[in-house]
Amino acid sequence: KQAQRAYNFNAGPSALPLAVLEKAQRELVDFQGTGMSVMELSHRSAAYEQVHNQAIASLKELMNIPEEYHVLFLQGGASTQFAMIPLNFLSQGKKAGYIMTGSWSEKALKEAKMVGDTYTVASTKETNYNRIPALDELVYEENTAYVHLTSNNTIFGTEWSEFPDTGDIPLIADMSSDILSYGFDVSKFALIYAGAQKNLGPSGVTVVILRPDMLERANTNNVPTMLRYDTHVKNNSLYNTPPTFGIYMLGLVLEWVKEQGGLAAIENMNKEKAALIYDVIDQSGGFYKGHAQKDSRSLMNITFRLASEDLEKQFLAEAKQAGFVGLNGHRSVGGCRASTYNAVPYESCKALSEFMIEFQRKNG
Ligand code: PLP
């Protein structure tokens, strides 16, 4: 019997692949003949270690991560990384540069300010973060400890299409909402981090991809043990009890991405899915208005407005009736947002595009 699945456009936590959930269900009470759930395994057991190390290997393979880079599974969400990054890498006499493209960049900068000196490399706040700055708008100051960017702006629906070259300055990216949705050159980055709850798995795991030379630059004085990257590197993310079930789920998601054909295939699917909805917006004659400028559009979060708040309310109410979940925009942008992460099926996007066309026909 086919499971009853919602048209889930939640921004996060968001849809997981049905095949992954079903596999986890089959293995839930007896993981590979152990007579235990993965949740019940010791994190020091061979059975768990295999799950842990396989997830690291799969991520390295899928993202083509250089061999020497460290892959860490931490807790505390991407929000804890906002603090850990400056605590480890922002030393006295240096400044951290932040590229401001939305609310998550603002939260990252706020944490860094508590630790040391910072500056804004570029910002698009003036136009309510409806675009990514052009590469020639980015100006770096002397003595920059690192430059931080948010690769996909979950709330505003914008995404970098080409990353800046920061030369010798370490480039750090919050990829929480678009990691694993396309292939790119990881070696451009000194550190990449992402909360798992969009493309990677359930919430509770935070993935960090770290270039090893960063450890040599890291502050070691007065940084608590759990907030130091070297603690987790030295212990293969097993210094304390890791979120074992989340890491197991992440491993299953990574296997699923491999089965889809890897990141190139996933990227193509994501482009096709997003196009279904962007095309309706573009062909609506202004009935639907996209928030993001076209060249900054996100493949993961599609933000749009209708002519009035009343019409938006009606749209969202009828969409809910028709079985669509999670289409409300974030309060800072208003309107509507469809999050089309990896696990959102083409059919859901097709159904939404048809619903949008029909809604316009009746109300346009
Ligand atoms: N950064 C981005 C781009 C996000 O979309 C989110 C959450 O939605 C966060 C950071 C915060 O992540 P967490 O809830 O894991 O702390």
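Points to keep in mind about this one:
- Subset tally (residues that are touching a residue at least 40 places away in the same chain (Cβ under 8 Å), within 24 Å of the chain's Cα centre (by Cα) and over 15 Å from P86 (Cβ atoms)) for segment 128-148: 4
- When segment 1-26 is filtered for residues that are away from the ligand (no atom under 16 Å from the Cβ) and in contact with a Ser or Thr (Cβ under 8 Å, 6 or more places away or on another chain), only Y7 remains.
- Listed conditions (1) at pLDDT 95 or above; (2) outside the structural domain of A134 (by TED's automatic domain parsing); (3) among the aliphatic types (A, V, I, L, M) are all met by L250, apart from (2).
- With respect to being assigned by TED's automatic domain parsing to the domain that holds E347 and over 21 Å from the mean Cα position of the chain (by Cα), D279 fits the description.
- Any hit, segment 64-72, residues being in contact with a Gly (Cβ under 6 Å, 6 or more places away or on another chain), within 16 Å of the ligand (Cβ to nearest atom) and under 21 Å from R228 (Cα atoms): no
- Odd one out for K107, checked against (1) assigned to a loop (DSSP other than H, G, I, E, B); (2) in contact with a helix residue (DSSP H, G or I) (Cβ under 9 Å, 6 or more places away or on another chain): (1)
- Here P242 passes the criteria (1) away from the ligand (no atom under 16 Å from the Cβ); (2) in contact (Cβ under 8 Å) with a residue 12 or more places away in the chain except the one numbered (1).
- For segment 263-276, the condition of being exposed (fewer than 13 other Cβ atoms within 10 Å of the Cβ), polar (S, T, N, Q) and either at pLDDT 95 or above or closer than 17 Å to I155 by Cα (or both) holds for none of the residues.
A quick yes/no check of all residues on (1) free of Cβ contacts under 8 Å to residues at least 24 places away in the same chain; (2) over 19 Å from D185 (Cα atoms); (3) in a strand (DSSP E or B); (4) within 17 Å of the chain's Cα centre (by Cα):
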site: M39; (1), (2), (3), (4): no, yes, no, no
site: H43; (1), (2), (3), (4): no, yes, no, no
site: Y48; (1), (2), (3), (4): no, yes, no, no
site: Q54; (1), (2), (3), (4): no, yes, no, no
site: S58; (1), (2), (3), (4): no, no, no, no
site: L62; (1), (2), (3), (4): no, no, no, yes
site: E67; (1), (2), (3), (4): yes, no, no, no
site: A78; (1), (2), (3), (4): no, yes, no, yes
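- Unique residue being more than 10 Å from the ligand (Cβ to nearest atom) and either in the same structural domain as T101 (by TED's automatic domain parsing) or over 22 Å from G261 (Cβ atoms) (or both) when the list is V205, V186: V186
- Among the numbered conditions (1) within 16 Å of the ligand (Cβ to nearest atom); (2) surrounded by fewer than 24 Cβ atoms within 10 Å (Cβ to Cβ); (3) not polar (S, T, N, Q), the only one that K95 does not meet is (1).
- Residue match in segment 190-199 (condition: in a helix (DSSP H, G or I) and more than 14 Å from the ligand (Cβ to nearest atom)): no
- Against the list (1) at pLDDT below 95; (2) within 16 Å of the ligand (Cβ to nearest atom), the condition T220 fails is (2).
The values are calculated or read from the model by the stated rules, or taken from the named source; none is laboratory data. Quantities reported herein were computed from a predicted structural model and do not represent experimental measurements. All Cβ positions, glycine included, derive from the backbone under ideal geometry; neighbour counts span all protein chains shown.
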